[in-house]
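The values are calculated or read from the model by the stated rules, or taken from the named source; none is laboratory data. The model shown is predicted, which means the values in this text are computed figures rather than measured ones. Cβ placement follows ideal geometry from the backbone for every residue including glycine, while neighbour counts extend to all protein chains displayed. Calculation scope for accessible area: heavy atoms of the full protein, side chains included, ligands and nucleic acids excluded. Shrake-Rupley method; radii C 1.70, N 1.55, O 1.52, S 1.80 Å.
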Amino acid sequence: QVQLVESGGGLVQAGGSLRLSCAASGSAFSGYAMGWFRQAPGKEREYVSTTTWNGEDKFYANSVKGRFTISRDNAKNLGYLQMNNLKPEDTAVYYCAVLKSATPSPYPYEYSYWGQGTQVTVSS
């Protein structure tokens, strides 16, 4: 079992930055891939970024590539999403998730564990 708690969301102006954190409990976190997803009002949950169990391989949606950076610290059971040059269209609830595999996936339905989400609002 893995429990996830996100933090770091908030209100920021366009062009600003935020760093989201995902605190995981449970020893299995370090062996599993993790990802960040987001969901805007009236829209489906969408893939943002994923990384392998050791954080070496990282993948990004085209919409955030070059602006967001995913990372993790397995020794501390923490995951991160650094978001720079934020845009109003990045406004959403952001979720971290863990996949019961070392290899990540862009598909939300493949993830077994989810946090409660943290709101990110970008004003224009």
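So, of the residues in the stretch 104-123 that are in a loop (DSSP other than H, G, I, E, B) and open to solvent by less than 40 Å² (accessible area, probe 1.4 Å), which turns out to be farthest from Ala33 (Cα to Cα)?
Gly117
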| note | By residue number, the members of the stretch 21-66 that are closer than 21 Å to Gln119 by Cα and within 10 Å of the chain's Cα centre (by Cα) are Ser21, Cys22, Met34, Gly35, Trp36, Phe37, Arg38, Tyr47, Val48, Ser49, Thr50
| query | Taking into account only those residues within the stretch 67-82 that are in a loop (DSSP other than H, G, I, E, B) and open to solvent by 40 Å² or more (accessible area, probe 1.4 Å), which is farthest from Trp114 (Cα to Cα)? | reply | Ala75
| message | Name the residue that is surrounded by the most Cβ atoms within 10 Å (Cβ to Cβ), counting only residues in the stretch 17-45 that are part of a strand (DSSP E or B) and charged (D, E, K, R). | response | Arg38
| message | Condition check: touching a Gly at 6+ places or on another chain (Cβ under 9 Å) and polar (S, T, N, Q). Does Thr118 satisfy that? | response | yes
| query | Within the stretch 18-40, how many residues turn out to be touching a residue at least 12 places away in the same chain (Cβ under 8 Å) and out of contact with any strand residue (DSSP E or B) (no Cβ under 6 Å at 6 or more places or on another chain)? | reply | 5
| Would the stretch 87-103 turn up any residue that is closer than 13 Å to Arg45 by Cβ, surrounded by 15 or more Cβ atoms within 10 Å (Cβ to Cβ), hydroxyl-bearing (Ser, Thr, Tyr) and in contact (Cβ under 8 Å) with a residue 12 or more places away in the chain? | yes
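Quick one: which residue in Val64, Val48 is among the β-branched types (Val, Ile, Thr), modelled with pLDDT of 95 or more and not in a strand (DSSP E or B)? Outline the logic, then answer.
Numbers: Val48 fails: not in a strand (DSSP E or B).
The conditions single out Val64.
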| query | Counting just the residues of the stretch 51-61 that are charged (D, E, K, R) and part of a loop (DSSP other than H, G, I, E, B), which one comes out surrounded by the most Cβ atoms within 10 Å (Cβ to Cβ)? | reply | Asp57
